[in-house]
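See below for the structure under consideration.
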Amino acid sequence: MGYRSTITTSDYGATLPEWFRIKYKDCFTFNGTLVSSRMESKFRNSHQFFEDFQRAIKGAGFWSSGYDLPIYACVLAEDGFVTRVIIRETSIQYEWAEFMKADHVWNMGNYNGATP
């Protein structure tokens, strides 16, 4: 069960521990705290991934300054549904996107529908 999804996270100046990189090396690429899916996969227990990611970030000393800066992850499912995951030192919060239709497409600073 579950949708195929891709995940990407925000990047900050920390190096994730080796145990985390080894555990998830087949599914993700790593660059600092940036974790990106190698391919679309079914995450049957995505809560475990995010709990491990939180533990890895703690282990990297990311929150050692006492400032609870969030790390964001975006999960894009095969049906187009988007979930934002907010990871803090003491919590993991999931938010689901709501989409609104518009009469125009925003591009290159053209946010009011005018043609360039």
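The values are calculated or read from the model by the stated rules, or taken from the named source; none is laboratory data. Just so we're clear, the structure is a prediction, and the values are computed from it rather than from any experiment. Here the Cβ is made from the backbone with ideal geometry for all residues, glycine too, and neighbour counts use every protein chain on show.
Tabulated results
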| item | result |
| --- | --- |
| Pairs where the first residue, in region 13-30, is closer than 20 Å to Ser64 by Cα and in contact (Cβ under 8 Å) with a residue 24 or more places away in the chain and the second is surrounded by 12 or more Cβ atoms within 10 Å (Cβ to Cβ) and of a type in the set (Phe, Trp, Tyr), C-beta under 9 Å, 6+ apart | Ala14/Phe62; Thr15/Phe30; Leu16/Phe30; Leu16/Phe53; Phe20/Phe30; Phe20/Phe53 |
| Residues located in region 71-84, provided they are surrounded by fewer than 17 Cβ atoms within 10 Å (Cβ to Cβ) and part of a strand (DSSP E or B) | Tyr72, Cys74, Ala77, Val82, Thr83, Arg84 |
| Any hit, region 35-46, residues being hydroxyl-bearing (Ser, Thr, Tyr) and in contact with a Phe, Trp or Tyr (Cβ under 7 Å, 6 or more places away or on another chain) | yes |
| Qualifying residue in region 63-70 (condition: touching a strand residue (DSSP E or B) at 6+ places or on another chain (Cβ under 7 Å), among the hydrophobic types (A, V, I, L, M, F, W, C) and surrounded by 12 or more Cβ atoms within 10 Å (Cβ to Cβ)) | no |
| Single residue of Gln54, Gln48 found to be buried (at least 17 other Cβ atoms within 10 Å of the Cβ) and either small (Gly, Ala, Ser) or under 16 Å from Tyr94 (Cβ atoms) (or both) | Gln54 |
| Enumeration of residues in region 93-110 that are modelled with pLDDT under 85, assigned to a strand (DSSP E or B) and surrounded by 10 or more Cβ atoms within 10 Å (Cβ to Cβ) | Asn110 |
| Single match in Thr115, Thr90 (criterion: in a loop (DSSP other than H, G, I, E, B) and modelled with pLDDT of 90 or more) | Thr90 |
| Any hit, region 35-54, residues being touching a helix residue (DSSP H, G or I) at 6+ places or on another chain (Cβ under 9 Å), part of a helix (DSSP H, G or I) and modelled with pLDDT of 90 or more | yes |
| Failed condition for Phe30, given (1) in a loop (DSSP other than H, G, I, E, B); (2) more than 21 Å from Ser91 (Cα to Cα) | (1) |
